[in-house]
1. Which of the lysines could a cross-linker bridge to K78, judged by Cα under 30 Å and excluding same-chain residues fewer than eight apart?
2. Which order do the peptides 25-35, 44-54 come out in when sorted by mean C-beta neighbours inside 10 angstrom, highest first?
3. Where does helix 128-158 land angle-wise versus the long Cα axis of the chain, in degrees 0 to 90, nearest 10?
4. Counting other C-beta atoms within 10 Å, and keeping those with at most 15, which DSSP coil chymotrypsin sites (Phe, Trp or Tyr not before Pro) do you find in the range 55-131?
5. Under a cut-off of 17 Å between alpha-carbon atoms, report the lysines in cross-link reach of K14, not counting same-chain residues fewer than 8 places apart.
6. Need one number: nm distance between label points at R118 and C63, each 7 Å from Cα along Cα→Cβ, rounded to one decimal.
7. Using the beta-carbon distance between R34 and F98 and R0 = 35 Å, what value does 1/(1 + (r/R0)^6) give for FRET efficiency, to the nearest 0.05?
8. Extending each Cα 7 Å along its Cβ direction at D73 and K155, get the distance between those two points in nm, one decimal.
Amino acid sequence: MMAKLHKLSEWLEKVSGLILLIIMVIVVLNVLARALFDVAINGTYDYVGLLSSLVIGFALANCAVHNGHISIDYFIKKFPVKVQLSIDVLIGLLSFLFLLIATWQIAEYGYTIYVTGRKTPSVMIAYYPFVFLVAIGVLIFALIVLMQTLDKFRKVIQK
């Protein structure tokens, strides 16, 4: 299960990088169009905003895989290894619960804007698919945190 989540998170990070490249192209083309032809690309703000949400939502899980998140281990390293792992398990469980609640709330928000039919102001793109995709990214992040926490829990039991 963990190997599949890692592969999925790597794939999502690659998609995230590609989306970031697309954002850069859109912004550069918009700047050049304004400077050279005095014309703006319609919807640049909408495209960049929507795509930026995907960049963040898709990159979160792989950040967790590589322990790229902030950790407070300065004080914890002074404890015995078993206590360190126990604290990691507790923080991991709390993080997992928080991320599950965040996933639920993001998905609920996506459903709300789906029902209301909310769209971007200038090019009228529906928001809800992007919100649901971010929710999926956060859910995968939560599952990776859970798998890492279960790994640490096994180590606590073994020690």
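All of the numbers you see were taken from the coordinates with simple rules; none came from a lab. What you see is a predicted model; the values in this text were computed from it and never measured. When we count neighbours, we look across all protein chains shown, and the Cβ atoms used for this are built from the backbone with ideal geometry, even at glycine.
1. Counting by Cα, and skipping residues close in sequence, K78 has these lysines nearby: K152, K155, K159.
2. With the highest mean Cβ count within 10 Å placed first, the list reads 44-54, 25-35.
3. The two axes meet at around 10 degrees.
4. Taking the range 55-131 and a limit of 15 other Cβ atoms within 10 Å, the loop chymotrypsin sites (Phe, Trp or Tyr not before Pro) found are Y74, F75.
5. Correct list for K14: K4.
6. Distance between label points: 2.2 nm.
7. 0.25
8. Result: 0.8 nm between the two label points.
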